[in-house]
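Below is one structure; the comments refer to it alone.
The values are calculated or read from the model by the stated rules, or taken from the named source; none is laboratory data. Since the structure is predicted, the reported quantities are computational estimates derived from the model, not experimental observations. Note that each Cβ is placed from the backbone with ideal geometry, even for glycine, and that neighbours are counted across all protein chains shown.
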Amino acid sequence: MPPTRTASRPRRTGSPAPSYAVERFSLDNGLRVVVSPDPSSPVVAVAVYYDVGMRSEPEGRTGFAHLFEHLMFQGSASLGKTEHFTYVQGSGGTLNGSTHVDYTNYYETLPSNAAEVALFLEADRMRSVALTQENLDNQVAVVQNEIRVNVHNRPYGGFPWLSMPPILYDSFANSHDGYGSFVDLESATLDDARSFFDRYYAPGNAVLTVVGDVTTEQVEEWVQRHFADIPARTTPKRPSFREKAITNERRAVVRDRLAPAPAVALAWRTTDPSDLGKYLPYVVLAEVLTDGDAARLQDRLLLRDRNVTSVGGYLGIMGDSYDARDPTPLIVEVHHPDETPVDTVVAAIDEEIARLADDGLRADELARTVARMTARYLRELDPVMGRAQQLSVFEQQRSRAELVNELPGLLEDVTAVAVQAAAATLRPDNRALLELRPEASS
Amino acid sequence: MTAARAVPALGKPRTSRLPSVADTTLDNGLRVLAVRRPGVPLVELRLRIPFAGKGDDHVARAQLLGDTLLSGTDRRSASQIAVDLQSFGGQLHASNDADRLGISGSVLSSGFGGILDLLGELLTSASYPKDEVVAERDRLVQELAIHRSQASVIAREALLHRMYGEHPYGLELPSAQAVEDVKPSQLRALHAKRVVPAGSVLTVVGDVQPARAVAQVEKALAGWTATTKATRTPKLPKHAAGPALLIDRPGAVQTTIRMAGPAPARSSADYAAASLANMVFGGYFSSRWTANIREDKGYTYGGHSVFEHPPAGSRITVSVDVATDVTAPSMVETLYELGRIATVAVSQEELDQARRYAIGSLQLGTASQAGLASMISMLVGADLGVSYLRDFPTQLQAVTVDEVLAAAAAWMAPTRLSAVLVGDAAVVSDSLQTLIAVEKS
């Protein structure tokens, strides 16, 4: 059935909830599979999420989770180097992978007649990725160039996603550079890669999701055919990465050789996202503060004080509000001209947050904020790949892919009181403040 | 090591249905295209208003006009507009390029009427309040400085200027000085003269009934009238490649390489062949160039070769950022691959693979509301109908190896491309000059 607009829960103000099909099964080796058939276009999305990210890489091997993601594209038992790409693209599809703090994903969108090809390719590398010294050396060089183009040769490169964690967090897991130091990348060995694969790329540590022009029966047949004989392996228990609260403001300055003007980022540790009832008020709070010109900080800094260049805010160090595990921060980021002292910007932000904590939300503020969050969320779900990614991460982190349909209702359940209470936890004394200054200035 | 297994064969392809488009020209001259694409309860909007003009002052005013279009009307303040948009579950953005002012947005179906009324109000009575314009002007100056601190922007500006000189395509971003000189009265005058319905096109895609959507548009935008008609972009100057331009960026850890030249329009007889030649060369990840400089040699994170189709003339742009110490070797491989595609026939397998990719991409690109809206808006801007979605795959199917070679020779030979490099000149200049003629900025 194509998705309809039937609400999956009682609605109060008519916020639209989708009702995508969610079906699931699992294999004896532990692989969990989610299928969401939708025949409205002849396309299919296939995504594999492994439950390992930057937080789990070993000390002395910063950047390894991401480097390993690159190695997963370098061939497997049945596929030579570059063949993974040529089979997907030569079927008319697109593909990529990405490494996050808590997961690493691999995904393809293809014409639906290539669905089985994509499943075969994912199974082949899950069963037996080919790891060679030549490919490792090559991909270390490629990743170093990725870091050059995105960080070293770019103004504001890595700000604040790479430069904030060491200020906000203490443990290696949470604070290290997830892109990796060049020394660590060059120190990576084939043995490191083999043991990382053995430990984290077990079928029981993955979720496979298929969305689009397929039937669940057909997907189950294909998945049995290609994945079932991958041997089960022990899956690692994810440790807690929680850290004890900050009690005194942490401040630091980072210099940027290429940036023409300063910037500042403020970060607070928020509540554990596994309890959505407690966490969603923070997601809504970030929007109340920074989503568009009707938001508190935009209104204050851009429309009234008019002394900054841009204002942004989000949950998650990589902006992945619904995709992160504990701990995850709320971040506010402001770019401002030299003439505006950073203390002026920070004082205005503190004042606005305090106002929200003291006086609460305005009459229509919550409803309109949630309306736009819902619209944006639905827009992300519309392409089959957007849907596959959300289904995967909800199944992996919360064992509940159905949250794709339930999230609009849960957002609507967030109360003004809860958002106000969340605002009250964003204080100067429990935050990290990172200034970026152009190298030339004082 | 596990034994190799056979990759399954592709199933039978299912073709996408051609979207059914309600295509209407309103009394005020605005063309409206509406397509029903249910899925999520949203509507996508794309409005294209031809806006080409010449010179720094025009670019500055056009840019600021877009940036302050939502800063107030005779009935609503900037804050009220922002609040209303949020209430509709909507967003609306104006953007400029050398040919047009674009206003694009999306909204919950329930807010479609509301966003249309707001759009009508903006088009007929945007007021460009002095305070807002002055604040936005200062902000734009800052943003331009940030933008121009990026090597990719430095390279693109130099390349476009080199290709097009004083033609509107030669200048995408205004100077800070021209921005500082803009007055609110000039924006109001520019709006009155150029933000006009005749020649403009509005595309609406989503959870709507097309006939009803057109009627809603007609009602909301009926008051948008003008006696002038939108103007088109002037003809391009003749292209001459010239020596490569090397722009010094002392201490840069990478060299930003960009090469570009004229390319066939989507409507040209050899466009399908040229687009496949480009794929095989460097237009997708499974290309020769990527296999060479990334997957074999590790010189770069990635190179891309793309066609862009501004209405006055298409171009091909070859882009790659490489580690400083392998700048000349990267250039060797790039010139080799361009030379090879232009002089030696591709294999049938390379062609078939690129062909399937090109056809598949079109299918994937139109499988969402936002993708379909942008595609239809793009097609109508290029004077192509939605039938292109059916006809272009047919053209791709027919392309032969010989046609690919002819198209590559015509458009992709390295001698036909202008080149700009941004990098540490002290390190890269000498070795580059052993390969190509280099001029320093």
Those residues of segment A:187-207 which are over 15 Å from A:Ala232 (Cα atoms) and of a type in the set (A, V, I, L, M) amount to A:Ala188, A:Leu190, A:Ala193
When the residues of segment A:360-388 are filtered to those that are surrounded by fewer than 19 Cβ atoms within 10 Å (Cβ to Cβ) and touching a residue at least 60 places away in the same chain (Cβ under 8 Å), which remaining residue is nearest to the other protein chains (Cβ to nearest Cβ)?
A:Ala367
For segment A:332-379, give me each residue that is closer than 26 Å to B:Ile81 by Cα and not in a helix (DSSP H, G or I).
A:Val332, A:Glu333, A:Val334, A:His335, A:His336, A:Gly360, A:Leu361, A:Arg362, A:Ala363, A:Asp364
Odd one out for A:Asn96, checked against (1) part of a loop (DSSP other than H, G, I, E, B); (2) free of Cβ contacts under 8 Å to residues at least 60 places away in the same chain; (3) surrounded by fewer than 20 Cβ atoms within 10 Å (Cβ to Cβ)
(1)
Among (1) assigned to a helix (DSSP H, G or I); (2) modelled with pLDDT under 95, there is one condition B:Leu64 misses while meeting the rest; what is its number?
(2)
Of the residues B:Ser79, B:Ser71, B:Ser110, only one is within 10 Å of chain A (Cβ to nearest Cβ) and within 17 Å of B:Val195 (Cα to Cα); which?
B:Ser71
What is the residue count in segment B:306-324 for residues that are buried (at least 21 other Cβ atoms within 10 Å of the Cβ) and within 14 Å of another protein chain (Cβ to nearest Cβ)?
4
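Take B:Thr327 and tell me if it is at pLDDT 95 or above, assigned to a helix (DSSP H, G or I) and within 14 Å of chain A (Cβ to nearest Cβ). Explain how you work it out, then say what you get.
Numbers: at pLDDT 95 or above: yes; assigned to a helix (DSSP H, G or I): yes; within 14 Å of chain A (Cβ to nearest Cβ): yes.
Spelling it out, B:Thr327 is indeed at pLDDT 95 or above, assigned to a helix (DSSP H, G or I) and within 14 Å of chain A (Cβ to nearest Cβ).
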Could you check how many residues of segment B:97-111 are closer than 13 Å to B:Leu70 by Cα and crowded, with 22+ Cβ neighbours inside 10 Å?
1
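Regarding B:Thr300, is this residue at pLDDT 95 or above and within 14 Å of chain A (Cβ to nearest Cβ)?
Working: at pLDDT 95 or above: yes; within 14 Å of chain A (Cβ to nearest Cβ): yes.
For B:Thr300, the condition - at pLDDT 95 or above and within 14 Å of chain A (Cβ to nearest Cβ) - is met.
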Filter result (part of a strand (DSSP E or B) and over 26 Å from B:Gly66 (Cβ atoms)) within segment B:25-48:
B:Arg36
Read through the list (1) under 22 Å from A:Val142 (Cβ atoms); (2) part of a helix (DSSP H, G or I); (3) among the hydroxyl-bearing types (Ser, Thr, Tyr), then give the number of the only condition that B:Ser275 fails.
(1)
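Go over the candidates B:Gly371, B:Gly365, B:Gly423, B:Gly385 one by one and state the one that is within 14 Å of another protein chain (Cβ to nearest Cβ) and at pLDDT below 95. Don't jump to the end; show me each part of the working.
Details: B:Gly371 fails: at pLDDT below 95; B:Gly423 fails: at pLDDT below 95; B:Gly385 fails: within 14 Å of another protein chain (Cβ to nearest Cβ).
Matching residue, one of B:Gly371, B:Gly365, B:Gly423, B:Gly385: B:Gly365.
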Can you work out which of the residues in segment A:27-43 that are within 19 Å of A:Phe394 (Cα to Cα) and either in contact with an Asp or Glu (Cβ under 6 Å, 6 or more places away or on another chain) or not assigned by TED's automatic domain parsing to the domain that holds A:Glu122 (or both) is surrounded by the fewest Cβ atoms within 10 Å (Cβ to Cβ)?
A:Val35
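If I ask for residues that are of a type in the set (Lys, Arg) and surrounded by 21 or more Cβ atoms within 10 Å (Cβ to Cβ), which ones from segment B:254-305 would you list?
Within segment B:254-305, the first condition is being of a type in the set (Lys, Arg), and the residues that meet it are B:258, B:266, B:288, B:294, B:297.
Result: B:Arg258, B:Arg294.
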All positions within segment B:120-136 that are crowded, with 20+ Cβ neighbours inside 10 Å and within 11 Å of chain A (Cβ to nearest Cβ):
B:Glu132, B:Ala135, B:Glu136
Of the candidates A:Asp299, A:Asp320, A:Asp293, the one satisfying the condition of being farther than 24 Å from B:Ser87 by Cβ and outside the structural domain of A:Asn153 (by TED's automatic domain parsing) is A:Asp320
Within segment B:99-112, is even one residue assigned by TED's automatic domain parsing to the domain that holds B:Ala34, touching a strand residue (DSSP E or B) at 6+ places or on another chain (Cβ under 6 Å), of a type outside the set (Ser, Thr, Tyr) and free of Cβ contacts under 8 Å to residues at least 40 places away in the same chain?
yes
Would you mind telling me which numbered condition in (1) facing another protein chain (nearest Cβ under 8 Å); (2) in a helix (DSSP H, G or I); (3) among the hydrophobic types (A, V, I, L, M, F, W, C) B:Phe285 fails?
(2)
Restricting to segment B:6-48, give me the number of residues that are buried (at least 21 other Cβ atoms within 10 Å of the Cβ) and either away from every other protein chain (no Cβ under 14 Å) or among the charged types (D, E, K, R) (or both).
9
Residues in segment A:111-149 that are touching a residue at least 60 places away in the same chain (Cβ under 8 Å), within 7 Å of chain B (Cβ to nearest Cβ) and among the hydrophobic types (A, V, I, L, M, F, W, C) total 3
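Can you tell which of B:Gly55, B:Gly114 is of a type outside the set (S, T, N, Q) and modelled with pLDDT of 95 or more?
Details: B:Gly55 fails: modelled with pLDDT of 95 or more.
Within the list B:Gly55, B:Gly114, the selection yields B:Gly114.
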For segment B:377-405, which positions are among the acidic types (Asp, Glu) and over 18 Å from B:Leu18 (Cα atoms)?
B:Asp402, B:Glu403
Filter pass, A:Leu356 being modelled with pLDDT of 95 or more and under 22 Å from A:Gln390 (Cβ atoms)
no
Flag if B:Ala52 is touching a Pro at 6+ places or on another chain (Cβ under 7 Å), under 18 Å from B:Ala94 (Cα atoms) and not in a helix (DSSP H, G or I)
yes
